[in-house]
Each structure stands twice: as C-alpha cells, then as structure tokens.
C-alpha cells in the first residue's frame, strides 16, 4: 500500500482486490465457502460479503482468514496479482508431500538445470551423487522419504499393520 492518505476509490479498489484474492486463494485450496467460514469462525454470509468486497474485515478477521488459508498475514495482503507465477502451487506441492529442506533444494537444482537460459549442462561438472537410503548399511538409491524401495515398502507395510491393530 502506498504511504499517505488515500481517497475512497483507492481504498475501495484495495478492498475489492483483497476480496478477489481471498476468493481465489480459497478456491485454489479447494474450500467451499461453508468450509472456509467454519475455519475462520465467521458466518457463511459474512464470508460471501468479504469475497465480494462488500465488507471490510477487521484485523482479527484478517488473522483468522490468513490462518484458514494457511498463509502469513503479509501474503494475504500483497497487492500483486493472485495468480503470480504459481508460487502457491509450488508451496502446496512441497507441503502436501512433506518435502524436507534437502528435498526442496534438490528440486531447485533440477529446476535450475531445466530452465537455464539455453545453456547446455556443463561437460566438466561432475554428476551429482544420487541420494542413498537412510537405513544403516544400505547404500541403494532412494525411492521416497529417504529410503530405498525395499525399506520404504517395509515401513509402509509396518505402518499399515500397526494402524490395523489400533
């Protein structure tokens, strides 16, 4: 937001921008207005008014909306376009798969190679060392969650068997 006093049209424009952003973020997360309202602790009719820019939310409501959308408040209040570069899709992808920091760093390395501006990969660069299984004395390549195929499936079967007992 710009410093200094703003006229009513600018304020209204910001309110409508916030409203569009809230709606787009809610829809992107697959939430109905009813689910969203419950998460925020507000009525469905108030959620609808917020999304149409017909009500100005209080600070407390903004905090509840940000929490319901799993965003920091500053992200909710950004003035840029809601569809900017799909950053939230990348965040959702990483969170849904519970990627570790190391996994995200590996994805970024792949992306940097994929999207390098026409530069072929350097012949001199050594190939990155593949990730190895986290089980002691196992050096097989990783399938998921830091485990090789055999250890990953053993862990899954063990988890299913334990959940069947409980």
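Below is a table of values for the structure above.
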| read-out | value |
| --- | --- |
| Every residue from the range 129-144 that is free of Cβ contacts under 8 Å to residues at least 24 places away in the same chain, within 29 Å of the chain's Cα centre (by Cα) and under 21 Å from residue 98 (Cα atoms) | 130, 132, 133, 134, 141, 142, 143, 144 |
| Among the candidates 84, 35, 105, 92, residue that is modelled with pLDDT under 85 and either over 30 Å from residue 146 (Cβ atoms) or over 14 Å from the mean Cα position of the chain (by Cα) (or both) | 84 |
| Options 12, 45, 6: the member that is farther than 13 Å from residue 77 by Cα, part of a helix (DSSP H, G or I) and at pLDDT below 90 | 12 |
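For (1) modelled with pLDDT under 80; (2) touching a helix residue (DSSP H, G or I) at 6+ places or on another chain (Cβ under 7 Å), each residue gets a yes or a no:
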| site | (1), (2) |
| --- | --- |
| 123 | yes, no |
| 126 | yes, no |
| 133 | no, yes |
| 137 | no, no |
| 143 | yes, yes |
| 154 | no, no |
| 163 | no, no |
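The values are calculated or read from the model by the stated rules, or taken from the named source; none is laboratory data. Since this is a predicted model, take the numbers as computed values, not measurements. Using ideal geometry, Cβ is built from the backbone for each residue, glycine included, and neighbour counts are taken over all protein chains shown.
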